[in-house]
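> I am attaching a structure below and will ask some questions about it afterwards.
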Amino acid sequence: MSVTIGDIVQDQENNKVLSIKDLEVDFFTARGRARAVRGLNLEVSRGEILGIVGESGSGKSVTALAIMDLLPPGTGRIMSGSIIFDRNDLAPIYSSKYRVAGRIGREKLRIRRMAVRGVEKKLAEQKGRISMIFQDPLSSLDPLYKIDSQLIESILYNNEEFMIGKSLDKNDILGRMSEFTNLLKEKSTEELMDWINQNYGDGGFYKEVFFISNMSISESEKKIKIRRALACTKLLTPAETRKLKAKLPDATGRFFKPNNRRRLPIQGIRDPIVREAMLFSLELLEFVGMPNPENVLTSYPHELSGGMKQRVMVALAVANSPDILIADEPTTALDVTTQYQVLYLLKSINRKLKTTVIFITHDLGVMAAVADRIAVMYAGRIVEIGPARHFFDDPLHPYTSGLLKSVPQYDERVRKLYNIPGQVPDIRKLPSGCAFHPRCERVMDICKESDPVDENVNERRVQCWLYSDGVKHGSR
Ligand SMILES: Nc1ncnc2c1ncn2[C@@H]1O[C@H](COP(=O)(O)OP(=O)(O)OP(=O)(O)O)[C@@H](O)[C@H]1O
Ligand code: SF4
Ligand SMILES: [Mg+2]
(Lines give C-alpha, C1' and ligand atoms only; values in the text may rest on other atoms or scores of the structure.)
(Ligands and ions follow the chains in the order given, each with its own letter.)
Protein backbone atom coordinates (compact mmCIF):
# COMPACT_ATOMS: atom_id res chain seq x y z
CA MET A 1 0.00 0.00 0.00
CA SER A 2 1.48 3.34 -0.97
CA VAL A 3 1.42 6.24 1.44
CA THR A 4 -0.27 9.45 0.36
CA ILE A 5 0.45 13.00 1.47
CA GLY A 6 -3.00 12.88 3.09
CA ASP A 7 -1.90 9.97 5.32
CA ILE A 8 1.19 11.85 6.42
CA VAL A 9 -0.72 15.06 7.16
CA GLN A 10 -3.28 13.08 9.15
CA ASP A 11 -0.51 11.44 11.17
CA GLN A 12 0.90 14.87 11.99
CA GLU A 13 -2.51 16.14 13.05
CA ASN A 14 -3.11 13.09 15.20
CA ASN A 15 0.25 13.64 16.91
CA LYS A 16 1.63 10.34 15.69
CA VAL A 17 5.39 10.19 15.82
CA LEU A 18 5.60 6.86 14.02
CA SER A 19 3.10 5.06 11.82
CA ILE A 20 3.76 1.60 10.47
CA LYS A 21 1.38 0.39 7.79
CA ASP A 22 1.17 -3.11 6.34
CA LEU A 23 4.81 -3.84 7.05
CA GLU A 24 6.13 -7.15 5.70
CA VAL A 25 9.60 -8.39 6.65
CA ASP A 26 10.96 -11.64 5.27
CA PHE A 27 14.12 -13.62 5.88
CA PHE A 28 15.63 -15.57 3.01
CA THR A 29 17.31 -18.54 4.59
CA ALA A 30 18.73 -21.85 3.38
CA ARG A 31 15.55 -23.50 4.69
CA GLY A 32 13.28 -21.18 2.75
CA ARG A 33 11.52 -17.86 3.08
CA ALA A 34 10.45 -16.95 6.58
CA ARG A 35 7.71 -14.37 7.13
CA ALA A 36 8.82 -12.73 10.36
CA VAL A 37 6.51 -9.69 10.15
CA ARG A 38 3.23 -10.02 8.22
CA GLY A 39 1.21 -6.91 7.46
CA LEU A 40 1.94 -5.15 10.74
CA ASN A 41 0.03 -1.97 11.54
CA LEU A 42 1.17 0.17 14.44
CA GLU A 43 0.83 3.81 15.40
CA VAL A 44 2.88 5.42 18.12
CA SER A 45 1.82 8.73 19.66
CA ARG A 46 4.31 11.40 20.60
CA GLY A 47 5.48 11.12 24.21
CA GLU A 48 3.83 7.79 25.05
CA ILE A 49 5.35 4.53 26.29
CA LEU A 50 4.12 1.78 24.03
CA GLY A 51 4.71 -1.76 25.25
CA ILE A 52 5.03 -4.70 22.86
CA VAL A 53 4.52 -8.19 24.30
CA GLY A 54 4.44 -11.63 22.77
CA GLU A 55 6.04 -15.04 23.04
CA SER A 56 9.54 -15.72 21.82
CA GLY A 57 9.72 -15.63 18.02
CA SER A 58 6.62 -13.48 17.55
CA GLY A 59 8.60 -10.82 15.66
CA LYS A 60 9.08 -8.11 18.31
CA SER A 61 12.81 -7.64 17.74
CA VAL A 62 12.53 -7.95 13.96
CA THR A 63 9.95 -5.14 13.96
CA ALA A 64 12.33 -2.99 16.02
CA LEU A 65 15.24 -3.81 13.73
CA ALA A 66 13.16 -2.94 10.68
CA ILE A 67 12.33 0.47 12.17
CA MET A 68 16.02 1.04 12.88
CA ASP A 69 17.19 -0.21 9.45
CA LEU A 70 19.24 -2.87 11.20
CA LEU A 71 17.91 -6.01 9.56
CA PRO A 72 20.75 -8.43 8.85
CA PRO A 73 22.01 -7.54 5.39
CA GLY A 74 21.62 -10.28 2.84
CA THR A 75 18.94 -12.25 4.67
CA GLY A 76 16.41 -9.83 6.20
CA ARG A 77 14.41 -7.60 3.91
CA ILE A 78 11.46 -5.18 4.08
CA MET A 79 9.20 -6.54 1.35
CA SER A 80 6.44 -3.93 1.48
CA GLY A 81 4.60 -1.49 3.70
CA SER A 82 5.55 1.86 5.13
CA ILE A 83 7.29 3.25 8.20
CA ILE A 84 6.32 6.91 8.41
CA PHE A 85 8.53 8.96 10.67
CA ASP A 86 8.65 12.74 10.59
CA ARG A 87 6.77 13.06 7.31
CA ASN A 88 9.04 10.59 5.54
CA ASP A 89 8.31 7.03 4.62
CA LEU A 90 11.45 5.21 5.71
CA ALA A 91 10.55 1.80 4.26
CA PRO A 92 11.31 2.61 0.60
CA ILE A 93 14.41 4.52 1.71
CA TYR A 94 15.67 1.45 3.56
CA SER A 95 14.63 -0.91 0.76
CA SER A 96 16.49 1.14 -1.86
CA LYS A 97 19.68 -0.32 -0.41
CA TYR A 98 18.66 -3.76 -1.61
CA ARG A 99 18.40 -2.43 -5.13
CA VAL A 100 21.93 -1.02 -5.09
CA ALA A 101 23.34 -4.17 -3.59
CA GLY A 102 23.88 -7.38 -5.49
CA ARG A 103 26.25 -8.35 -8.24
CA ILE A 104 25.85 -5.72 -10.88
CA GLY A 105 28.41 -3.86 -12.95
CA ARG A 106 30.40 -1.03 -11.40
CA GLU A 107 28.99 1.64 -13.67
CA LYS A 108 25.43 0.46 -13.13
CA LEU A 109 26.05 0.44 -9.41
CA ARG A 110 27.40 4.00 -9.55
CA ILE A 111 24.35 5.22 -11.48
CA ARG A 112 21.98 3.50 -9.07
CA ARG A 113 23.86 4.92 -6.11
CA MET A 114 23.50 8.39 -7.58
CA ALA A 115 19.79 7.76 -7.97
CA VAL A 116 19.45 7.04 -4.28
CA ARG A 117 21.69 9.92 -3.20
CA GLY A 118 18.66 12.03 -2.33
CA VAL A 119 17.36 9.07 -0.37
CA GLU A 120 20.64 8.74 1.50
CA LYS A 121 20.48 12.43 2.39
CA LYS A 122 17.06 11.84 3.89
CA LEU A 123 18.44 8.86 5.74
CA ALA A 124 21.23 11.01 7.19
CA GLU A 125 18.63 13.46 8.45
CA GLN A 126 16.93 10.67 10.40
CA LYS A 127 20.18 9.43 11.90
CA GLY A 128 20.15 9.47 15.68
CA ARG A 129 16.47 10.40 15.92
CA ILE A 130 15.40 6.83 16.62
CA SER A 131 17.69 4.86 18.88
CA MET A 132 17.61 1.44 20.45
CA ILE A 133 18.68 -0.35 23.60
CA PHE A 134 19.43 -3.92 22.64
CA GLN A 135 18.35 -7.13 24.30
CA ASP A 136 21.81 -8.13 25.49
CA PRO A 137 24.07 -5.33 26.75
CA LEU A 138 27.18 -7.52 26.83
CA SER A 139 27.06 -8.39 23.16
CA SER A 140 26.03 -4.87 22.21
CA LEU A 141 29.11 -3.21 23.70
CA ASP A 142 32.45 -3.74 21.99
CA PRO A 143 34.67 -5.70 24.44
CA LEU A 144 37.85 -4.20 22.92
CA TYR A 145 37.05 -0.57 23.62
CA LYS A 146 36.66 1.37 26.81
CA ILE A 147 33.30 2.93 27.57
CA ASP A 148 34.56 6.47 26.80
CA SER A 149 35.53 5.54 23.23
CA GLN A 150 32.18 3.87 22.63
CA LEU A 151 30.19 6.81 23.99
CA ILE A 152 32.28 9.38 22.12
CA GLU A 153 32.00 7.42 18.89
CA SER A 154 28.24 7.35 19.21
CA ILE A 155 28.00 11.05 20.05
CA LEU A 156 30.31 12.07 17.21
CA TYR A 157 28.79 9.69 14.69
CA ASN A 158 25.63 11.72 14.82
CA ASN A 159 27.41 15.00 15.39
CA GLU A 160 28.78 15.64 11.95
CA GLU A 161 25.53 15.76 10.06
CA PHE A 162 22.92 15.70 12.76
CA MET A 163 24.13 17.82 15.66
CA ILE A 164 25.95 20.39 13.56
CA GLY A 165 23.24 20.47 10.95
CA LYS A 166 20.58 20.88 13.61
CA SER A 167 22.36 23.30 15.90
CA LEU A 168 24.00 25.63 13.43
CA ASP A 169 22.72 28.58 11.59
CA LYS A 170 24.59 28.83 8.29
CA ASN A 171 24.63 32.65 8.35
CA ASP A 172 26.10 32.53 11.82
CA ILE A 173 29.00 30.38 10.65
CA LEU A 174 29.63 32.57 7.63
CA GLY A 175 29.40 35.73 9.74
CA ARG A 176 31.87 34.48 12.30
CA MET A 177 34.20 33.11 9.65
CA SER A 178 34.39 36.43 7.79
CA GLU A 179 34.81 38.39 11.04
CA PHE A 180 37.69 36.14 11.96
CA THR A 181 39.27 36.33 8.49
CA ASN A 182 39.22 40.14 8.68
CA LEU A 183 40.84 40.05 12.10
CA LEU A 184 43.54 37.77 10.75
CA LYS A 185 44.26 40.29 8.03
CA GLU A 186 44.40 43.26 10.38
CA LYS A 187 46.33 41.85 13.32
CA SER A 188 49.53 39.94 13.95
CA THR A 189 49.32 36.58 15.71
CA GLU A 190 50.32 38.07 19.10
CA GLU A 191 47.88 40.93 18.75
CA LEU A 192 45.15 38.51 17.79
CA MET A 193 45.86 36.30 20.77
CA ASP A 194 45.72 39.34 23.10
CA TRP A 195 42.52 40.48 21.46
CA ILE A 196 40.94 37.03 21.93
CA ASN A 197 42.09 36.90 25.55
CA GLN A 198 40.70 40.34 26.27
CA ASN A 199 37.38 39.68 24.58
CA TYR A 200 36.78 36.04 25.20
CA GLY A 201 38.97 35.00 28.11
CA ASP A 202 39.81 31.32 28.42
CA GLY A 203 38.58 28.85 25.86
CA GLY A 204 35.89 30.11 23.55
CA PHE A 205 35.18 29.72 19.92
CA TYR A 206 37.80 32.10 18.54
CA LYS A 207 40.59 30.35 20.35
CA GLU A 208 39.54 27.05 18.85
CA VAL A 209 39.48 28.69 15.45
CA PHE A 210 42.95 30.02 16.07
CA PHE A 211 44.28 26.55 16.88
CA ILE A 212 42.52 25.08 13.88
CA SER A 213 43.75 27.71 11.45
CA ASN A 214 47.32 26.93 12.47
CA MET A 215 46.94 23.22 11.82
CA SER A 216 48.62 21.77 8.74
CA ILE A 217 45.43 20.45 7.18
CA SER A 218 43.47 21.35 4.05
CA GLU A 219 41.15 24.35 3.93
CA SER A 220 38.05 22.16 3.71
CA GLU A 221 39.15 20.13 6.75
CA LYS A 222 39.74 23.39 8.62
CA LYS A 223 36.23 24.55 7.77
CA ILE A 224 34.75 21.29 9.05
CA LYS A 225 36.70 21.57 12.28
CA ILE A 226 35.64 25.18 12.75
CA ARG A 227 32.02 24.21 12.24
CA ARG A 228 32.40 21.44 14.79
CA ALA A 229 33.95 23.83 17.29
CA LEU A 230 31.11 26.24 16.73
CA ALA A 231 28.62 23.45 17.14
CA CYS A 232 30.16 22.71 20.53
CA THR A 233 29.76 26.24 21.73
CA LYS A 234 26.13 26.18 20.67
CA LEU A 235 25.29 22.91 22.32
CA LEU A 236 25.43 24.31 25.78
CA THR A 237 23.38 26.84 27.68
CA PRO A 238 25.27 29.96 28.90
CA ALA A 239 25.49 28.47 32.41
CA GLU A 240 26.84 25.21 31.08
CA THR A 241 29.31 27.07 28.87
CA ARG A 242 30.61 28.96 31.91
CA LYS A 243 30.98 25.67 33.77
CA LEU A 244 32.70 24.08 30.84
CA LYS A 245 35.02 27.00 30.23
CA ALA A 246 36.40 26.55 33.71
CA LYS A 247 37.49 23.12 32.61
CA LEU A 248 38.76 23.98 29.14
CA PRO A 249 42.45 24.59 28.37
CA ASP A 250 43.96 28.01 28.80
CA ALA A 251 45.58 30.01 25.99
CA THR A 252 48.71 27.89 25.84
CA GLY A 253 46.70 24.71 25.37
CA ARG A 254 47.47 23.45 28.89
CA PHE A 255 44.63 21.47 30.34
CA PHE A 256 43.24 22.04 33.82
CA LYS A 257 44.57 24.32 36.38
CA PRO A 258 46.74 22.55 38.96
CA ASN A 259 44.22 23.29 41.70
CA ASN A 260 41.38 21.61 39.79
CA ARG A 261 40.49 18.83 42.20
CA ARG A 262 38.25 16.82 39.96
CA ARG A 263 40.39 14.96 37.45
CA LEU A 264 38.25 14.84 34.38
CA PRO A 265 39.29 12.30 31.79
CA ILE A 266 39.86 14.84 28.99
CA GLN A 267 43.51 15.47 29.69
CA GLY A 268 45.57 15.50 26.53
CA ILE A 269 42.63 15.62 24.14
CA ARG A 270 43.24 18.47 21.73
CA ASP A 271 40.28 18.16 19.38
CA PRO A 272 37.67 20.50 20.88
CA ILE A 273 34.73 18.39 19.86
CA VAL A 274 36.20 15.17 21.25
CA ARG A 275 36.82 16.99 24.50
CA GLU A 276 33.24 18.20 24.57
CA ALA A 277 32.02 14.73 23.67
CA MET A 278 33.98 13.33 26.60
CA LEU A 279 32.43 15.85 28.99
CA PHE A 280 29.05 15.11 27.52
CA SER A 281 29.64 11.36 28.04
CA LEU A 282 30.31 12.07 31.68
CA GLU A 283 27.10 14.06 31.97
CA LEU A 284 25.20 11.24 30.30
CA LEU A 285 26.54 8.66 32.73
CA GLU A 286 25.58 10.95 35.60
CA PHE A 287 22.12 11.33 34.07
CA VAL A 288 21.58 7.57 33.92
CA GLY A 289 22.54 7.32 37.59
CA MET A 290 25.86 5.57 37.09
CA PRO A 291 27.85 5.28 40.31
CA ASN A 292 31.38 6.66 39.91
CA PRO A 293 31.03 7.76 36.28
CA GLU A 294 34.67 8.93 35.88
CA ASN A 295 35.92 5.41 36.58
CA VAL A 296 33.29 3.82 34.38
CA LEU A 297 34.39 5.97 31.43
CA THR A 298 37.85 4.47 31.54
CA SER A 299 36.65 0.87 32.08
CA TYR A 300 36.19 -1.95 29.61
CA PRO A 301 32.68 -3.50 29.37
CA HIS A 302 33.80 -6.72 31.10
CA GLU A 303 34.74 -4.67 34.17
CA LEU A 304 31.13 -3.55 34.67
CA SER A 305 28.17 -5.36 36.19
CA GLY A 306 25.07 -6.22 34.10
CA GLY A 307 23.13 -3.25 35.49
CA MET A 308 26.05 -0.88 34.82
CA LYS A 309 26.35 -2.14 31.25
CA GLN A 310 22.65 -1.64 30.73
CA ARG A 311 22.96 1.93 32.01
CA VAL A 312 25.78 2.52 29.52
CA MET A 313 23.45 1.22 26.81
CA VAL A 314 20.76 3.65 27.95
CA ALA A 315 23.34 6.48 27.93
CA LEU A 316 24.36 5.52 24.39
CA ALA A 317 20.75 5.43 23.30
CA VAL A 318 19.81 8.84 24.74
CA ALA A 319 23.09 10.53 23.73
CA ASN A 320 21.53 12.27 20.77
CA SER A 321 18.16 13.09 22.34
CA PRO A 322 16.24 10.72 20.09
CA ASP A 323 12.58 11.30 19.31
CA ILE A 324 11.94 7.59 19.75
CA LEU A 325 13.76 5.19 22.03
CA ILE A 326 13.22 1.48 21.39
CA ALA A 327 14.10 -0.66 24.39
CA ASP A 328 14.21 -4.35 23.46
CA GLU A 329 13.93 -6.35 26.67
CA PRO A 330 16.33 -4.02 28.49
CA THR A 331 15.80 -5.63 31.87
CA THR A 332 15.80 -9.35 31.05
CA ALA A 333 19.25 -10.08 32.45
CA LEU A 334 18.90 -7.94 35.59
CA ASP A 335 17.95 -8.60 39.19
CA VAL A 336 14.68 -7.06 40.37
CA THR A 337 16.24 -4.06 42.11
CA THR A 338 18.34 -3.09 39.11
CA GLN A 339 15.38 -3.88 36.88
CA TYR A 340 13.32 -1.36 38.82
CA GLN A 341 16.07 1.27 38.54
CA VAL A 342 16.38 0.83 34.76
CA LEU A 343 12.59 0.96 34.35
CA TYR A 344 12.42 4.08 36.48
CA LEU A 345 15.19 5.58 34.35
CA LEU A 346 13.31 4.85 31.12
CA LYS A 347 10.19 6.35 32.59
CA SER A 348 12.04 9.48 33.64
CA ILE A 349 13.61 9.76 30.16
CA ASN A 350 10.09 9.59 28.77
CA ARG A 351 8.77 12.22 31.16
CA LYS A 352 11.75 14.60 31.36
CA LEU A 353 13.09 14.45 27.81
CA LYS A 354 9.64 13.85 26.27
CA THR A 355 11.06 10.88 24.41
CA THR A 356 8.60 8.39 22.96
CA VAL A 357 9.51 4.92 24.22
CA ILE A 358 8.72 1.59 22.54
CA PHE A 359 9.25 -1.00 25.21
CA ILE A 360 9.56 -4.67 24.24
CA THR A 361 9.33 -7.36 26.88
CA HIS A 362 8.08 -10.85 27.76
CA ASP A 363 7.48 -9.76 31.30
CA LEU A 364 3.88 -8.65 31.83
CA GLY A 365 4.66 -7.35 35.33
CA VAL A 366 7.28 -5.01 33.90
CA MET A 367 4.82 -3.98 31.21
CA ALA A 368 2.20 -3.09 33.80
CA ALA A 369 4.72 -0.82 35.53
CA VAL A 370 5.70 1.26 32.50
CA ALA A 371 3.39 1.14 29.49
CA ASP A 372 0.66 3.61 28.57
CA ARG A 373 -0.55 1.37 25.74
CA ILE A 374 0.16 -2.28 25.03
CA ALA A 375 0.43 -4.13 21.72
CA VAL A 376 0.34 -7.93 21.65
CA MET A 377 2.26 -9.64 18.86
CA TYR A 378 1.75 -13.13 17.53
CA ALA A 379 3.41 -14.68 14.47
CA GLY A 380 4.49 -11.35 13.01
CA ARG A 381 1.26 -9.45 13.60
CA ILE A 382 -0.27 -7.18 16.20
CA VAL A 383 -3.31 -9.12 17.34
CA GLU A 384 -4.46 -6.68 20.00
CA ILE A 385 -3.56 -3.10 20.89
CA GLY A 386 -5.08 -0.69 23.36
CA PRO A 387 -4.62 1.25 26.62
CA ALA A 388 -2.73 -0.63 29.34
CA ARG A 389 -5.62 -0.28 31.81
CA HIS A 390 -7.84 -2.56 29.67
CA PHE A 391 -5.12 -5.05 28.94
CA PHE A 392 -5.00 -6.64 32.36
CA ASP A 393 -8.67 -6.32 33.35
CA ASP A 394 -10.41 -7.09 30.11
CA PRO A 395 -8.25 -8.72 27.43
CA LEU A 396 -10.01 -9.18 24.09
CA HIS A 397 -7.93 -11.61 22.08
CA PRO A 398 -7.81 -15.26 23.24
CA TYR A 399 -4.01 -15.10 22.94
CA THR A 400 -3.85 -12.10 25.31
CA SER A 401 -6.06 -13.97 27.81
CA GLY A 402 -3.74 -16.98 27.50
CA LEU A 403 -0.66 -14.86 28.13
CA LEU A 404 -2.22 -13.33 31.24
CA LYS A 405 -3.33 -16.70 32.58
CA SER A 406 0.22 -18.02 32.14
CA VAL A 407 1.64 -15.54 34.66
CA PRO A 408 2.12 -17.31 38.02
CA GLN A 409 0.46 -15.51 40.94
CA TYR A 410 2.56 -15.30 44.08
CA ASP A 411 -0.48 -15.27 46.39
CA GLU A 412 -2.13 -18.37 44.91
CA ARG A 413 -1.01 -21.99 45.25
CA VAL A 414 -1.85 -23.95 42.12
CA ARG A 415 -1.19 -27.62 41.37
CA LYS A 416 -0.37 -26.98 37.75
CA LEU A 417 0.70 -23.75 36.08
CA TYR A 418 -1.31 -22.74 33.03
CA ASN A 419 0.36 -22.53 29.65
CA ILE A 420 -1.03 -21.85 26.20
CA PRO A 421 -1.18 -25.26 24.52
CA GLY A 422 1.13 -25.90 21.56
CA GLN A 423 4.04 -23.87 20.24
CA VAL A 424 4.56 -20.63 18.36
CA PRO A 425 4.26 -21.72 14.70
CA ASP A 426 7.21 -22.03 12.37
CA ILE A 427 7.14 -18.82 10.34
CA ARG A 428 8.16 -20.79 7.25
CA LYS A 429 5.02 -22.94 7.47
CA LEU A 430 2.28 -20.84 9.02
CA PRO A 431 -1.14 -22.44 9.59
CA SER A 432 -3.98 -21.40 7.30
CA GLY A 433 -6.44 -18.74 8.44
CA CYS A 434 -5.74 -17.30 11.88
CA ALA A 435 -2.15 -18.25 12.78
CA PHE A 436 -3.26 -18.83 16.39
CA HIS A 437 -6.05 -21.28 15.54
CA PRO A 438 -4.21 -24.57 16.36
CA ARG A 439 -3.71 -23.25 19.92
CA CYS A 440 -6.92 -21.32 20.44
CA GLU A 441 -9.52 -22.53 22.91
CA ARG A 442 -12.27 -20.65 21.09
CA VAL A 443 -11.46 -21.66 17.55
CA MET A 444 -14.33 -21.63 15.02
CA ASP A 445 -14.54 -23.03 11.49
CA ILE A 446 -13.95 -19.68 9.86
CA CYS A 447 -10.68 -19.27 11.84
CA LYS A 448 -9.13 -22.22 9.98
CA GLU A 449 -10.02 -20.85 6.58
CA SER A 450 -9.63 -17.06 6.58
CA ASP A 451 -7.31 -14.56 8.17
CA PRO A 452 -9.12 -12.26 10.62
CA VAL A 453 -8.86 -8.53 9.91
CA ASP A 454 -8.46 -5.61 12.30
CA GLU A 455 -11.59 -4.68 14.22
CA ASN A 456 -12.05 -1.63 16.42
CA VAL A 457 -13.60 -2.34 19.79
CA ASN A 458 -14.00 0.87 21.81
CA GLU A 459 -10.51 2.35 22.11
CA ARG A 460 -8.91 -0.93 21.13
CA ARG A 461 -8.02 -2.81 17.98
CA VAL A 462 -8.17 -6.58 17.80
CA GLN A 463 -7.58 -9.13 15.07
CA CYS A 464 -9.92 -12.03 15.79
CA TRP A 465 -13.07 -13.45 14.20
CA LEU A 466 -14.85 -13.22 17.56
CA TYR A 467 -15.08 -9.46 17.01
CA SER A 468 -15.81 -9.43 13.31
CA ASP A 469 -18.87 -7.24 13.72
CA GLY A 470 -17.05 -4.90 16.09
CA VAL A 471 -18.93 -6.30 19.10
CA LYS A 472 -17.41 -8.56 21.69
CA HIS A 473 -19.13 -11.96 21.44
CA GLY A 474 -19.80 -14.09 24.50
CA SER A 475 -17.51 -14.27 27.49
CA ARG A 476 -13.82 -15.12 27.59
N1 LIG B 1 18.62 -13.35 11.10
C2 LIG B 1 17.56 -14.14 11.00
N3 LIG B 1 17.47 -15.08 10.05
C4 LIG B 1 16.37 -15.86 9.91
N5 LIG B 1 15.29 -15.76 10.72
C6 LIG B 1 15.33 -14.84 11.69
C7 LIG B 1 16.46 -13.98 11.89
N8 LIG B 1 16.20 -13.16 12.94
C9 LIG B 1 14.97 -13.50 13.38
N10 LIG B 1 14.45 -14.50 12.63
C11 LIG B 1 13.15 -15.13 12.81
O12 LIG B 1 12.16 -14.13 12.90
C13 LIG B 1 11.18 -14.51 13.86
C14 LIG B 1 10.97 -13.38 14.83
O15 LIG B 1 12.16 -13.21 15.59
P16 LIG B 1 12.32 -12.09 16.70
O17 LIG B 1 13.76 -12.02 17.05
O18 LIG B 1 11.68 -10.85 16.23
O19 LIG B 1 11.49 -12.70 17.90
P20 LIG B 1 11.15 -11.98 19.28
O21 LIG B 1 9.68 -11.77 19.32
O22 LIG B 1 12.00 -10.78 19.47
O23 LIG B 1 11.54 -13.14 20.29
P24 LIG B 1 12.30 -13.02 21.72
O25 LIG B 1 11.23 -12.62 22.66
O26 LIG B 1 12.81 -14.40 21.96
O27 LIG B 1 13.39 -12.01 21.59
C28 LIG B 1 11.68 -15.78 14.54
O29 LIG B 1 10.95 -16.87 14.03
C30 LIG B 1 13.12 -15.88 14.13
O31 LIG B 1 13.48 -17.22 13.91
S1 SF4 C 1 -9.64 -15.77 15.05
FE2 SF4 C 1 -10.40 -17.68 15.86
S3 SF4 C 1 -8.61 -18.92 16.21
FE4 SF4 C 1 -7.93 -16.83 15.94
S5 SF4 C 1 -7.85 -16.06 18.00
FE6 SF4 C 1 -9.84 -15.52 17.23
S7 SF4 C 1 -11.13 -17.18 17.87
FE8 SF4 C 1 -9.06 -17.91 18.11
MG1 LIG D 1 13.61 -10.32 20.70
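The values are calculated or read from the model by the stated rules, or taken from the named source; none is laboratory data. Remember, predicted model here, so these are calculated numbers, not experimental data. Cβ sites come from the backbone with ideal geometry, for glycine too, and all protein chains shown count toward neighbours.
> Collect the residues in region 42-61 that are within 13 Å of ligand 3 (Cβ to nearest atom) and closer than 11 Å to residue 360 by Cβ, keeping them in residue-number order.
Hits for region 42-61 are 52, 53, 54, 58, 59, 60, 61.
> Same structure, new question: Can you tell me which condition residue 58 does not meet? The list is (1) more than 19 Å from the chain's Cα centre (by Cα); (2) assigned to a strand (DSSP E or B), and all the others hold.
(2)
> Sort out which residues of region 404-436 are farther than 29 Å from residue 366 by Cβ and more than 16 Å from ligand 1 (Cβ to nearest atom), and write them in order of number.
If the condition is that a residue be farther than 29 Å from residue 366 by Cβ and more than 16 Å from ligand 1 (Cβ to nearest atom), then 432, 433 are the ones that fit.
> To continue, here is another question. Which of (1) surrounded by fewer than 16 Cβ atoms within 10 Å (Cβ to Cβ); (2) at pLDDT below 85 is the odd one out, the single condition residue 56 does not satisfy?
(2)
> If I ask for residues that are surrounded by fewer than 20 Cβ atoms within 10 Å (Cβ to Cβ) and either more than 14 Å from ligand 1 (Cβ to nearest atom) or not assigned by TED's automatic domain parsing to the domain that holds residue 330 (or both), which ones from region 59-81 would you list?
Across region 59-81, the qualifying residues are 69, 80.
> With the condition being in contact (Cβ under 8 Å) with a residue 40 or more places away in the chain and of a type in the set (Phe, Trp, Tyr), I'd like the helices (runs of 4 or more DSSP H) fully within region 380-453 carrying at least 2 qualifying residues.
Answer list for region 380-453: none.
> Within region 135-173, take every residue that is crowded, with 17+ Cβ neighbours inside 10 Å and within 16 Å of ligand 3 (Cβ to nearest atom) and give me the one that is modelled with the highest pLDDT.
So, considering only residues that are crowded, with 17+ Cβ neighbours inside 10 Å and within 16 Å of ligand 3 (Cβ to nearest atom), the one modelled with the highest pLDDT is 140.
> Ok, one more. Looking at (1) assigned to a helix (DSSP H, G or I); (2) surrounded by 23 or more Cβ atoms within 10 Å (Cβ to Cβ); (3) β-branched (Val, Ile, Thr), can you tell me which one residue 331 breaks?
Against the list (1) assigned to a helix (DSSP H, G or I); (2) surrounded by 23 or more Cβ atoms within 10 Å (Cβ to Cβ); (3) β-branched (Val, Ile, Thr), residue 331 comes up short only on (1).
> Follow-up. Return only the number of the condition from (1) farther than 25 Å from residue 400 by Cβ; (2) at pLDDT 90 or above; (3) surrounded by fewer than 18 Cβ atoms within 10 Å (Cβ to Cβ); (4) of a type in the set (Asp, Glu) that residue 26 does not satisfy.
With (1) farther than 25 Å from residue 400 by Cβ; (2) at pLDDT 90 or above; (3) surrounded by fewer than 18 Cβ atoms within 10 Å (Cβ to Cβ); (4) of a type in the set (Asp, Glu) applied to residue 26, the lone miss is (3).
The rows are residues; the columns are (1) in the same structural domain as residue 347 (by TED's automatic domain parsing); (2) in contact with a Pro (Cβ under 7 Å, 6 or more places away or on another chain); (3) in a helix (DSSP H, G or I); (4) without any contact (Cβ under 8 Å) to a residue 40 or more places away in the chain.
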residue	(1), (2), (3), (4)
311	yes, no, yes, yes
316	yes, no, yes, no
320	yes, no, no, no
327	yes, no, no, no
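> Only one of these is away from ligand 3 (no atom under 16 Å from the Cβ), modelled with pLDDT under 90 and assigned to a strand (DSSP E or B): 33, 38. Name it.
33
> Have a look at 375, 368 and point out the one that is closer than 30 Å to residue 453 by Cβ, modelled with pLDDT under 85 and not acidic (Asp, Glu).
368
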